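Read the structure below first, then the notes.
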Amino acid sequence: MQQKFSDCPMILRDFLSYNETIKAQSPKTISEYYLDLRMFLRFIKLMRCELSVTTRLDEIDIKEIDLDFIRSITTSDVFEFLSYLANERIPNPDVAYPEHGIEAAARARKLSSIKSFYKYLTVRTKQLQNNPVADLEYPKLRKSLPRYLTLEQSSALLQSVSGTNQKRDYAILMLFLNCGIRRSELVALNLNDVYEDRIRVLGKGNKERFVYFGTSCRNAIDDYLEERNQMELSDNRALFGSRDHNRISVSAVHRLVKKALLKAGLDADQFSAHKLRHTAATLMVANGVDVKTVQEVLGHENLNTTQIYTHIESSELKIAAEANPISKLNIFKKSDTKNEEKLIEYPDATNS
């Protein structure tokens, strides 16, 4: 850890070590904290040290930053950083005419990293008394409904699976569509995580949960296990292996899902393994599963995260729309004798 983040000050490396060893955060989360906070501290140093405005952030050395420097950062400094992200930061400098400013979701994640850092310094280790970001609001995010496959599209996806790894790929797609697990959770599955009617999943924050599956999924896993039991992998605990005899990787799962989508005639740019998780949740809610149960299946810590699936398909909302008399009102209709539209005459409201 210390060597990997050697370009950071000790106070930041301690924070990263705390999240890795005490909070057991995933390597991906640690990496995001590292990148976000390194950028933040480089920007603050750029503003404080009166460096040239043309100085690139990645050229700024922050290794000597100490607690006094962190203590001197104000809420206004954080606002300046967020303004820089919104208006000046170039998300993709490799394009010919790069756009300026990154999306609200990316800004919110960076602010979340800063909040976590200051909470560690004020609450966990009590190195600071004042937290300049304690009451800072997150950037407002556009609420969009998740994309998902219909039942017919899901069936077409499953039917499209073929080739050398047909049984493996079919079992993987069934687990996504039936259980709604994350791609990282699927990759981490071991043989002893499969039970008669459920799987044991290691989710975010190293939290374990059981996810039940249906008969079709059980059959798909059994068919694959006949092949898997004949395989020797470098990590022989792994449920899913690759052609190079290693545990299957996240990128390999991404590729096989995209391949199946294309073969099924579906838009591989619009859908992904994560959209199959959305599909599982949507189909559950649409078929009467209560949102609290779906929350437990998906491993969401906050119920609000799961609530979005209740807005995708609601029979009550459809019934309400049909119940509105406007839905049955046709002002114009085709004449029976002439191919022309006639205005329907309604009685004068004053005479009724």
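Some notes on this structure:
- Less than 5 angstrom separates the built amide H of L149 from those of T279, all sequence-distant by 5 or more or on a different chain.
- Summary of packing: across the peptides 206-218, 29-41, 278-290, the per-residue average of other C-beta atoms within 10 Å ranks them, highest first, as 29-41, 278-290, 206-218.
- Modelled spin-label separation between E152 and N131, with each label point placed 7 Å from Cα along the Cα-to-Cβ direction: 5.1 nm.
- Positive dipole terminus of region 156-282, leading residue within C179, L239, A220 (C-beta point charges): C179
- Cβ-Cβ distance of Q230 and S112, R₀ of 45 Å, FRET efficiency by 1/(1 + (r/R0)^6): the value works out to about 0.45.
- Restraint check, K45/K115; K45/K119; K119/K204; K23/K259, Cα-Cα greater than 28 Å: K23/K259
- Across region 104-120, coupling constants 3J(HN,Hα) worked out from phi with the 6.51/-1.76/1.60 Karplus curve, θ = phi - 60°, read 4, 5, 5, 5, 5, 5, 5, 5, 4, 5, 5, 4, 5, 5, 6, 5, 4 Hz, and Gly and Pro carry x.
- Across the accessible surface of region 188-298, with the other protein chains kept in place and a 1.4 Å probe, carbon and sulfur atoms take up 48 percent.
- Two-site FRET efficiency, S216 against C49, from Cβ-Cβ distance with R₀ of 56 Å, rounded to 0.05: 0.35
- For region 140-183, the residues whose backbone nitrogen is under 18 Å from a point 7 Å from the Cα of V289, taken along Cα to Cβ, are 146-155, 158, 171-183.
- Pairwise FRET efficiency - A105 versus K207, Cβ, R0 = 22 Å, nearest 0.05: 0.40
- Net lengthening on full extension, N246/S6 (0.36 nm per residue, minus Cα-Cα): 83.3 nm
The values are calculated or read from the model by the stated rules, or taken from the named source; none is laboratory data. What you see is a predicted model, and the numbers here were worked out from it, not measured in a lab. All Cβ positions, even for glycine, are placed from backbone atoms using ideal geometry, and neighbour counts span all protein chains on display. When the accessible area is computed, the model is the full protein with side chains, heavy atoms only, and any ligands, DNA or RNA have been set aside. Shrake-Rupley method; radii C 1.70, N 1.55, O 1.52, S 1.80 Å.
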